[in-house]
Ligand code: SF4
């Protein structure tokens, strides 16, 4: 379908407004995410209505620990991501449009997703597993129907959506878990993106009463030194205050990072102490 957020430029080029990459695409080109394409001077989204994963999960698995506790959340994804993290546990769906040059998925309508959520007695729908920003149109259509049925909408996201996307979804967004990797050099070298945009987006969510929880994956050799973690904590506290819920998760080798060791438990405990010392009360250790 034609994309919701883009600008037409001269020479049949288009500028995508969905995430902070703001890709400018010539005829026939696809964006960094691999699922948005310039066709005849218009921008089309290629993963609309194509579900690549769906499940009913405990909400704590998102992870959201302080929201609709002990309920299940109906979860689904379409293929693609605007980042390329080499440790991605879900790379087979997040990177498949780029790795296989194919947009995989089963046709499932937004209405059908809402029907399934109600059928499985889930009070919420989570847009998760890949990156919901990249399937904005599909998520947005589902979020509107879900809201009409009294369901809550949850994004599990890297937080790198554009201001335009955030403005569009905010009235429909009830809760989010944002992955904050910290430190620009990690984003620039490994993921593509920048820390500041993500911090600002998280602040907008929080200021607009979206229930927000933040997750940081601690990876040996990347962001596991005391000064790295201190810097992440400073960012979180500066932008979000100390009443934020912070999940510190343990890395397990995956995708292109099978050569790294599992994060030692003592590193997670050090991170927890740094967070507590800075005043963050709600800290949870994950994957241990
Ligand atoms: S969603 Fe982001 S990565 Fe994809 S085309 Fe748009 S600006 Fe580029």
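In whole Å, what are the Cα extents of the chain along the three principal axes, biggest one first?
Per principal axis, max minus min of the Cα coordinates gives 54, 42, 34 Å.
Tell me, 194, 40 in order of fewest to most beta-carbon neighbours within 10 Å?
On the way: 194 14, 40 8.
The order, fewest Cβ neighbours first, is 40, 194.
Restricting to the chain, compute how many DSSP beta bridges are antiparallel as a %, nearest 5.
Within the chain, antiparallel bridges account for around 45 percent of the total.
Assuming R0 = 22 Å, can you tell me the calculated FRET efficiency for the pair residue 22 and residue 196, based on Cβ-Cβ distance, to the nearest 0.05?
Efficiency, from the Cβ-Cβ distance: 0.90.
Separation between the residue 106 and residue 226 pseudo-spin-labels, each 7 Å from Cα along Cα→Cβ, expressed in nm?
My value for the distance between the label points is 5.2 nm.
Within the range 186-221, what residues put their amide N at less than 13 Å from the label point 7 Å along the Cα-to-Cβ vector of residue 287?
From the range 186-221, the list is 215-221.
Rounded, prolate or oblate: which fits the range 6-45 when a ≥ b ≥ c are the square roots of the eigenvalues of the alpha-carbon gyration tensor, with rounded for a/c under 1.5 and prolate only if a/b beats b/c?
Since a/c reaches 1.5 but b/c is at least a/b, the shape of the range 6-45 is classed as oblate.
Label points 7 Å out from Cα along the Cβ direction at residue 252 and residue 115: separation in nm?
About 3.5 nm, to one decimal.
Roughly how tilted is helix 226-240, in degrees to the nearest 10 and between 0 and 90, from the longest Cα axis of the chain?
Approximately 60 degrees, to the nearest ten.
Would you mind putting 255-267, 2-14, 154-166 in packing order, based on average other-beta-carbon counts within 10 Å, highest first?
Those peptides, ordered most packed to least, come out 154-166, 2-14, 255-267.
With an 8 Å cut-off on Cα pairs and a minimum separation of 6 or more residues, tell me the relative contact order of the range 50-286 in percent.
Numbers: 460 pairs, mean separation 39.0, N = 237.
Computed over the range 50-286, the figure is 16 percent.
Between residue 149 and residue 266, what is the FRET efficiency for a Förster distance of 45 Å, r being their Cβ-Cβ separation, to the nearest 0.05? Could the numbers behind the result be given before it?
Working: r = 46 Å, r/R0 = 1.03.
For residue 149 and residue 266, the calculated efficiency is 0.45.
Rounded to the nearest 500, what is the 222 nm mean residue ellipticity of the chain from helices alone, with -39500 (n - 2.57) per DSSP H run of 4+ residues and division by all residues?
-8000 deg cm²/dmol
What nm distance separates the two modelled labels at residue 12 and residue 71, each placed 7 Å from Cα along Cα→Cβ?
Distance between the two pseudo-spin positions: 4.9 nm.
Mind ranking 272-282, 15-25 by how tightly packed they are, going by the mean number of other C-beta atoms within 10 angstrom, highest first?
Those peptides, ordered most packed to least, come out 15-25, 272-282.
So how do 45, 204, 178, 186 line up by other beta-carbon neighbours within 10 Å, fewest first? Spell out each step's value before the answer.
Details: 45 27, 204 14, 178 23, 186 18.
Ranking 45, 204, 178, 186 by Cβ neighbours within 10 Å, fewest first, gives 204, 186, 178, 45.
Starting from the Cα-Cα distance between residue 208 and residue 238, subtract it from 0.36 nm times their residue separation and give me the gain in nm to one decimal. Write out the running numbers ahead of the final one.
Details: separation 30, 0.36 × 30 = 10.80 nm, distance 1.71 nm.
My answer for the length gained is 9.1 nm.
Relative contact order, percent, of the range 6-45 when contacts are C-alpha pairs under 8 Å separated by at least 6 residues? Before the final figure, lay out each step's value.
Working: 74 pairs, mean separation 12.9, N = 40.
It comes to 32 percent, rounded to a whole number.
Just want the ordering: 46, 27, from fewest to most Cβ atoms lying within 10 Å of their own Cβ.
Going from sparsest to densest Cβ surroundings: 27, 46.
FYI, it's all coordinate maths here, none of it is from the lab. Remember, predicted model here, so these are calculated numbers, not experimental data. Every residue, glycine among them, receives a Cβ derived from its backbone with ideal geometry; neighbour counts consider all protein chains shown.
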